[in-house]
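Since the structure comes first, as structure tokens, the remarks are kept for the end.
Please treat every number below as a calculation from the coordinates, not as lab data. All values reported here derive from a predicted model rather than from experimental measurement. FYI the Cβ positions are ideal-geometry reconstructions off the backbone, even for glycines, and counts take in every protein chain you see.
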């Protein structure tokens with residue numbers, strides 16, 4: 001993989017060959033997934049200390 | 001491993017992947033937006049070039065070199081704006097990544113402590129403490145003489161909870177985790193704002209000096225002026241447009257250099273503020 005490629009959801013995204021809309025779409029999607037992961041971490045920490 | 005520590009370990013793996021993908025995509029989005037903004041500005045210059053060439057009755061196909069040269073000068077100027085905003089975005093994303101690593105290691109510390117919880121609660125020392133505490137509390141309920149009550153109460157209060165240090169350490173790691181989350185959110189916001197800041201900065205730079213007179217809306221004097229200008233300046237494309245457009249690059253250069261210096265300064269300030277916050281979070285944790 002070069003600097004223009006990222007691995008996501010089992011495949012390689014070639015950033016140089018997709019539109020800005022698609023690129024932003026991936027970015028927002030992964031950002032939302034990460035927010036969900038953090039929310040889950042918060043929940044696990046909260047429940048573990050009860 | 002409990003269900004919580006196992007869950008947290010899996011989430012660390014997810015976060016490592018998500019962070020890496022986001023770093024690349026975030027930088028990619030920023031660079032692409034900046035490049036698109038530059039492309040449309042250069043297109044604006046190109047359209048103006050063609051329109052002026054037509055106005056001065058020049059054959060655009062014979063001006064390929066002049067056009068390429070001029071566009072190259074504009075592209076070079078805009079690439080300076082691209083560089084500072086792209087660098088700002090990169091600095092913020094890398095900084096965020098560093099703090100993300102700090103957060104991941106803090107989650108790791110929390111997991112380690114949670115795994116120790118059972119051991120601490122099952123230790124002989126803790127069992128003895130709990131039993132002693134229960135015994136004293138039951139005794140307090142039955143004592144009728146105030147002096148005896150006070151003495152027993154004093155003994156109960158003096159009992160040292162062996163788990164207190166553990167609880168305190170866990171609470172401080174959780175607090176550190178929360179503070180790092182807040183800091184990461186703020187850097188994320190700052191990094192996400194950079195592409196649009198850059199696009200707005202590029203859009204604010206004017207590249208076209210004057211529009212060609214719209215003859216249908218012009219008064220009689222303007223029409224005569226335009227007519228005379230058309231006759232006498234037919235061969236003045238180089239003097240009337242090309243020289244001025246090249247001169248404009250010089251004016252832009254001063255404007256862009258000033259803008260670039262401001263953005264560089266802002267970047268240094270933002271990075272140092274974030275690092276200061278990060279150091280404060282870590283220092284508060286280690287201070288006793």
Suppose R0 equals 35 Å. What FRET efficiency, 1/(1 + (r/R0)^6) with r the Cβ-Cβ distance, do residue B:79 and residue B:276 give to the nearest 0.05? 0.65
With every atom except the alpha carbons ignored, what do you get for Rg and Dmax of the range A:5-48, in angstroms? 14.2, 45
Choice from B:129, B:177, B:82 showing the highest fluctuation, given a GNM over chain B with Cα pairs closer than 10 Å: B:129
Between B:66, B:189, B:160, which gets the highest mean-square fluctuation from a Gaussian network model of chain B, Cα cutoff 10 Å? B:160
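Going by C-beta contacts inside 10 Å, put B:56, B:149, B:74 in order with the fewest on the left. Don't skip to the end; give the middle numbers.
On the way: B:56 18, B:149 14, B:74 23.
By the 10 Å Cβ count, ascending: B:149, B:56, B:74.
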Can you sort B:239, B:139, B:58 so the residue with the fewest Cβ neighbours within 10 Å comes first? B:239, B:139, B:58
Counting other C-beta atoms within 10 Å, which of A:15, B:259 has the fewest, and how do the rest follow? B:259, A:15
Label-point separation, residue B:123 to residue B:208 (7 Å along Cα→Cβ), nm: 7.6 nm
Which number do you get for Rg(Cα) / (2.2 N^0.38 Å) in the protein assembly as shown? 1.65
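Set the Förster radius R0 to 30 Å, insert the Cβ-Cβ distance between residue B:169 and residue A:17 as r into 1/(1 + (r/R0)^6), and round the FRET efficiency to 0.05.
Taking R0 as 30 Å, the efficiency between residue B:169 and residue A:17 is 0.05.
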In bins 10 Å wide, starting from 0, what share of all Cα pairs of the range B:9-147 does each bin hold, as a percent? 9, 19, 15, 13, 11, 10, 8, 6, 5, 4, 2, 0
Förster-model FRET efficiency, 30 Å R0, residue B:261 and residue B:185, C-beta, rounded to 0.05: 0.55
Over chain B, with a Gaussian network built from C-alpha contacts below 10 Å, which listed residue (B:197, B:175, B:18) shows the highest mean-square fluctuation? B:18
Structure-based [θ]222 nm, chain B - -39500 (n - 2.57) summed over DSSP H runs of at least 4, per residue, nearest 500: -30500 deg cm²/dmol
Residues of A:22-31, mean number of Cβ from any other protein chain within 10 Å of their own Cβ, rounded to a whole number? 5
Return the distance in nm (one decimal) between the two label points of a simple spin-label model at residue B:155 and residue B:54, each offset 7 Å from Cα along Cα→Cβ. 10.3 nm
Measuring from the longest principal axis of the C-alpha atoms of chain B, the long axis of helix B:124-142 (C-alpha) lies at a number of degrees, nearest 10, equal to 60 degrees
Compactness of chain B - radius of gyration and Dmax, Cα, Å: 34.8, 120
